[in-house]
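The values are calculated or read from the model by the stated rules, or taken from the named source; none is laboratory data. Keep in mind the model is a prediction, meaning the values are calculated, not measured. Note: ideal-geometry Cβ built from the backbone for every residue, glycine included; neighbour counts use all protein chains shown. We work out accessible area using only protein heavy atoms, side chains counted, and drop any ligands, DNA or RNA first. Shrake-Rupley method; radii C 1.70, N 1.55, O 1.52, S 1.80 Å.
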Amino acid sequence: MSQLPPCPQCGSVYTYEDGNLYICPECAHEWDKNASAESGEQARVVRDANGNVLNDGDTVTVIKDLKVKGSSSVVKVGTKVKNIRIIEGDHDIDCKIDGFGAMQLKSEFVKKA
Ligand SMILES: [Zn+2]
């Protein structure tokens, strides 16, 4: 018996197979069996503080004062961050903030704007 992978979109475990596709009955997401098997890449879902899924290009708002590493500046609550990029790691958002430059944030400290 082979275990079907959970839905990369919503995490549902009730995935079923249909030909070359896996189908999620809960959110209706369909994806190619081979694509996920060959790349070995796990679709990563990054969520904000409210549990909303974040994607590349989203705009988020900082929900907590965040100290900037290696400086005395602080990114204030309510700071808008445009055009984020989802990356791997402990800090899973890569972005540029006006007045600060390029930096990385944790998704748990932002919410989708
Ligand atoms: Zn799903």
**Asked** Is it the case that some residue within the stretch 54-71 is at pLDDT below 95 and small (Gly, Ala, Ser)?
**Response** yes
**Fill in**
Note on the stretch 15-29: residues open to solvent by less than 100 Å² (accessible area, probe 1.4 Å) and part of a strand (DSSP E or B) are Glu17, Asp18, Leu21, Tyr22, Ile23
**Request:** Search the stretch 85-104 for residues being part of a strand (DSSP E or B) and over 16 Å from Val53 (Cβ atoms), and hand back the single one that is most open to solvent (accessible area, probe 1.4 Å).
**Result:** Lys96
**Message:** Among the residues in the stretch 20-42, are any touching a Lys or Arg at 6+ places or on another chain (Cβ under 6 Å) and more than 22 Å from Pro6 (Cα to Cα)?
**Reply:** no
